[in-house]
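Some notes on the structure that comes next.
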């Protein structure tokens, strides 16, 4: 018998300098290699006096800088694991047993046919983008936003799945390119490389 235990717990995001008393709860490392943030899982009745020093928007901005995707209802079912770079951050293993979508994901991995990858961008002008939004970059590549935050200067920093620069686009995307809005944006680096 399953039950929803969500109300019994709370999660607090911690920055690297924050220390926690031994009885504060269970601490888990967060993110990929080099990301020093942590999550603290507490019983909801336990009040340790720990308050997060980052609001949700700043936490999301750090996720974007770290190249960590968040799947939302707007992007659910839109991408395979490699498009979200889950293979780059060791979030998926090709050596373990069965998993959802195994055949498609393994085929893409072993045949090396991933044409689109999640990349990091910043808009050239003030913009507001949300997960699931789509458009066309100034170089003609179509994109779909995975997650986005608005910077203090009004420009939008976002993770989006798009063809890799220089990769041939498929005919389906090329046919719809004229109907998508153009978004001038600059590519930003991710802290990990793509597999060759």
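Computed from the coordinates by the stated procedures, all read-outs in this text should not be read as laboratory data. Keep in mind it's a predicted model, so treat the numbers as computed, not measured. So basically every Cβ, Gly included, is an ideal-geometry build from the backbone, and we count neighbours across all protein chains shown.
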In which sequence would 194, 121 go, from the one with the fewest C-beta neighbours within 10 Å to the one with the most? 194, 121
At R0 = 22 Å, FRET efficiency that the Cβ-Cβ distance of residue 54 and residue 8 yields, to 0.05: 0.35
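What's the FRET efficiency of residue 20 with residue 138 using the Cβ-Cβ distance as r and R₀ = 45 Å, to the nearest 0.05?
Working: r = 46 Å, r/R0 = 1.02.
It comes to 0.50.
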